[in-house]
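First the structure, in the form of structure tokens, and then the observations on it.
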Amino acid sequence: MDMAHDCEHEHDARGLSGASLNGALLAADQRCSTAGERLTAPRKRVLELLLEAGQAVKAYDLIAAFGTDGAPAKPPTVYRALDFLSKQGFAHRIESLNAYVACRHSTGGGEADGHAAAFLICDCCGATREIEPAGLGEIQAIAGQAGYVLSGVTVEAHGLCGDCRA
Ligand SMILES: [Zn+2]
Ligand SMILES: [Zn+2]
Ligand SMILES: [Zn+2]
């Protein structure tokens, strides 16, 4: 599958494969059951593609790679699956890349339901690392003073990853 960015620098493989990929999908399936939701085949396939990629992927690349027989998906199928995965906390939308990435918590045990997230994004290779958002308490306090109740916080920090700086 084509990634959001191609660069000439050396990187370690980032995505999941084999037993770890299957384990993550199984864990996601169980988490859906616990929540009274269903990880339908299209939802599972889109999650699989995101986990395999291990970095942000644009929706049209997911649509193109969706069919295991090489046939593209119908776009609404993928968009509905992405909507579900985002709401359930399995994936995040990266606004500044117009792309989606698997939540680092989706591989096991983490909380669901669209938690606050922060991302370090490499503008050269597109590597996207989810980190614990810092200063969340301050943001919430400032929002409160301004009369806002926040439903979500996503921080997107851009720069160069260690591999691309080397
Ligand atoms: Zn997350
Ligand atoms: Zn990079
Ligand atoms: Zn690079």
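The values are calculated or read from the model by the stated rules, or taken from the named source; none is laboratory data. Please read these numbers as outputs of a predicted model, since none were measured by experiment. Because the Cβ atoms are built from the backbone with ideal geometry, glycine has one as well, and the counts that use them run over all protein chains shown. Ligands, DNA and RNA are excluded from the accessible area calculation, which covers all protein heavy atoms including side chains. Shrake-Rupley method; radii C 1.70, N 1.55, O 1.52, S 1.80 Å.
Considering segment 117-149 alone, what residues qualify as being open to solvent by 70 Å² or more (accessible area, probe 1.4 Å) and assigned to a loop (DSSP other than H, G, I, E, B)?
123, 132, 134, 148, 149
Filter segment 1-58 down to residues that are part of a helix (DSSP H, G or I) and open to solvent by 20 Å² or more (accessible area, probe 1.4 Å), then give me how many there are.
19
For segment 150-166, which residues satisfy the criterion of being loosely packed, with under 11 Cβ neighbours inside 10 Å and over 19 Å from the mean Cα position of the chain (by Cα)?
Those that are loosely packed, with under 11 Cβ neighbours inside 10 Å and over 19 Å from the mean Cα position of the chain (by Cα): 162, 165, 166.
Exactly one condition in (1) touching a residue at least 24 places away in the same chain (Cβ under 8 Å); (2) over 19 Å from residue 125 (Cβ atoms) is false for residue 7; which is it?
For residue 7, the failing item is (2).
Identify all residues within segment 59-87 that are over 22 Å from residue 26 (Cβ atoms), part of a loop (DSSP other than H, G, I, E, B) and either free of Cβ contacts under 8 Å to residues at least 24 places away in the same chain or open to solvent by 30 Å² or more (accessible area, probe 1.4 Å) (or both); write none if there are none.
67, 69, 70, 71, 72, 74
Suppose the filter is among the small types (Gly, Ala, Ser), within 16 Å of ligand 2 (Cβ to nearest atom) and without any contact (Cβ under 8 Å) to a residue 40 or more places away in the chain; does residue 157 pass it?
So residue 157 fits the description; yes.
Could we say that residue 93 is in a strand (DSSP E or B) and either surrounded by fewer than 21 Cβ atoms within 10 Å (Cβ to Cβ) or within 16 Å of ligand 2 (Cβ to nearest atom) (or both) here?
The answer is yes for residue 93.
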